[in-house]
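First up is the structure itself, then whatever we jot down about it.
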Number of protein chains: 2
Amino acid sequence: MKKFAILLAALAAAAIAPSAWAQFAKPDKAIEYRQAAFTVMAQHFGSLGAMANGKAPFDAKVAADDADVLAVVDRLPFTAFGPGTDKGNNTKAKPDIWQKTDDFNQHADKMKTAMANLVTAARSGNLDAIKKAFGPTAQTCKGCHDSYKEK
Amino acid sequence: MKKFAILLAALAAAAIAPSAWAQFAKPDKAIEYRQAAFTVMAQHFGSLGAMANGKAPFDAKVAADDADVLAVVDRLPFTAFGPGTDKGNNTKAKPDIWQKTDDFNQHADKMKTAMANLVTAARSGNLDAIKKAFGPTAQTCKGCHDSYKEK
């Protein structure tokens, strides 16, 4: 029962489906995975941002492709903040993530809601819609990084 | 957000065509991106493999979620093997990738075809179908790694 209790505690802290967490072979792998998912997310978010801010020419196909990636990838990092993943693999995650888990999860939810709007905008092929949705999404990234990511 | 500002500045400075390749601020970023995409791919491919091989209990929802990620992520690394990305960020990519590009691309296409079958199987919720599709897909990974990835 001890193992089961640890698992339950882990699930409560991580607020994720049991199987998602169980898939990581060890904490370092979870950290590597969430860093990788953030890297992929940042690339495609940055691509939309460059178009939104006029730093790159608008290309509706690229924007739609970015949206398809973001629609799937945005939730992935948050499956990998389980207990024991607060240290290792040069993580910049602050300990508060595991102390203020509800607040951290709310930040994540805000991002996913804003990202869903950006995805819809990017799939519409309408640059003005992308411009409108990009800033609020970027703010949710910044808000969470300011609180929970080391500089 | 500092990283993002740097990315935007780099994009502005580069002033290049809006292809997938042009989105990378510099070669190191492309290498980091393809490594990250492979890491995400490996995690979800490994999850299906664990179920296919009886190392993890079968969960149709997890399998379908893995499929949704793999359906989007499988093509991503191959947008990031552009010129100048043969060195840096501890890449294990062999120089032959840029010498035998047609062959490398054929390997990538074989993987994507096999992965599409695995994705279909994983979405079907049928473990036997996953078992049948997993091995051939794993073979395409191994085939490409044997030729084009340093040990």
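The values are calculated or read from the model by the stated rules, or taken from the named source; none is laboratory data. Computed from a prediction, not measured in an experiment: that's the story for all the values here. Here the Cβ positions follow ideal geometry from the backbone for every residue, glycine too, while neighbour counts run over all protein chains shown. Only protein heavy atoms, including side chains, enter the accessible area calculation; ligands, DNA and RNA are left aside. Shrake-Rupley method; radii C 1.70, N 1.55, O 1.52, S 1.80 Å.
Observations, loosely collected:
- The angle between the Cα long axis of helix A:101-124 and the longest principal axis of the Cα atoms of chain A comes to about 30 degrees, rounded to the nearest 10.
- Cα centroid of the range B:18-75 to Cα centroid of the range B:88-104, whole Å: 20 Å
- Placing pseudo-labels 7 Å out from each Cα toward the beta carbon at A:D68 and B:D103 gives an inter-label distance of 3.0 nm.
- For the set A:K87/B:K112; A:K61/A:K110; A:K112/B:K151; A:K132/B:K29; A:K94/B:K61, the pairs lying more than 29 angstrom apart at their alpha carbons are A:K87/B:K112; A:K112/B:K151; A:K94/B:K61.
- Farthest positive-ward along chain B dipole, Cα basis, beta-carbon charges - from B:N126, B:G88, B:L76: B:G88
- Remark: chain A carries a charge dipole of roughly 280 debye about the Cα centre, counting +1 on each Lys and Arg Cβ and -1 on each Asp and Glu Cβ.
- Taken over the range B:34-151, the ratio of Cα radius of gyration to 2.2 N^0.38 Å equals 1.09.
- With Cα atoms, 0 to 90° folded angle of helix A:60-73 axis to chain A main axis: 10 degrees
- Note that the range B:71-151 presents 56 Å² accessible area per residue, ligands and nucleic acids not counted, probe 1.4 Å.
- For B:K26, the aspartates and glutamates whose Cα comes closer than 16 Å to its Cα, not counting residues fewer than 8 places off in the same chain, are B:D86.
- Near the amide H of B:K149, within less than 5 Å, lie the amide hydrogens of B:K94, all on another chain or at least 5 residues away, with H placed in the peptide plane.
- Mean separation of Cα contacts under 8 Å (6+ apart) over length of chain B, as relative contact order %: 27 percent
- Cβ-based charge dipole, chain B, positive-most Cα from B:I31, B:A138, B:G46: B:I31
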